[in-house]
Amino acid sequence: MTFEKRNPYVGLAYFSDANDGGPDVCGTLDQKDKAFSKLLVVGKEGCEIKFHNSDDTDHNIFANDLESGVNFDVGLIPPGGDSSTVVNWNAGRLVRVGCKIHPKMVSYIANLPTSRYAIVEFEEGQLETRFAVADVDDSSVAFELVLQPLDRISVSIASGETKTVDVTYKGKVFGTLTLTR
């Protein structure tokens, strides 16, 4: 993947037709130094995502995603404390979470019915990156790429094919993605 001017925050690449039940382990999102430990955690429907506070200050983790209707607030988590939320939103959706006390804290939680995915993390200014989705069988062809905050990419790609598609935001080209299987 190559970007023209700037890169997105985080991405999730997966095969939406590889319905193998989803990840075996639900994600945990820790907080330390007034930051989340991960840019993105993945769970599946009914999975409990855990929040741990390894910081020396209180945090209050919440989501208010107007587009998907996901809204939760786990309340105040003191240093050393834990809380959780259940993944109960639409499959394939990434939900932005933050801290009401520290507004610069941002992370995402994804609901995926497959364990065939790759989290794509970017460093600021990184205009090119590579990623791979492991253990995808030949019958899976429906590739999805969600890049925050860019437009979702949905491509049908069979084993042995290579395709190049534009990476866009509200229709404007931000870069290109070359997929090879």
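The values are calculated or read from the model by the stated rules, or taken from the named source; none is laboratory data. All values reported here derive from a predicted model rather than from experimental measurement. We place every Cβ from the backbone using ideal geometry, glycine too, and count neighbours over all the protein chains shown. These accessible areas exclude ligands, DNA and RNA; they are computed on the full protein's heavy atoms, side chains included. Shrake-Rupley method; radii C 1.70, N 1.55, O 1.52, S 1.80 Å.
Figures for the structure shown
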item: Per the chain, cysteines lacking a partner by the 4.7 Å Cβ criterion; result: Cys99
item: 11 Å cut-off, amide nitrogen to a point 7 angstrom out along Glu128 Cα→Cβ, residues in the stretch 1-18; result: 1-3
item: Residue pairs, from the table Lys5/Lys172; Lys38/Lys163; Lys38/Lys172, whose Cα atoms sit over 20 Å apart; result: Lys38/Lys163; Lys38/Lys172
item: The stretch 55-96: relative contact order as a whole-number percent, Cα under 8 Å and 6+ apart; result: 40
item: Lysines with Cα under 25 Å of Lys34, excluding same-chain neighbours fewer than 8 positions away; result: Lys50, Lys100, Lys104
item: Relative contact order (percent, whole number), the stretch 12-161, Cα cutoff 8 Å, 6+ residue spacing; result: 29
item: Accessible carbon and sulfur surface of the chain relative to its total accessible area, %, 1.4 Å; result: 46
item: Residues of the chain: accessible area per residue with a 1.4 Å probe, Å²; result: 52
item: Among (i) 462; (ii) 112; (iii) 102, the entry that matches volume of the Cα convex hull per residue in Å³ as calculated here; result: (ii)
item: Distance between the stretch 25-67 and the stretch 109-125 - C-alpha centres, whole angstrom; result: 15
item: Leading residue at positive end of dipole, the chain (Cβ point charges), from Thr168, Val74, Ala91; result: Thr168
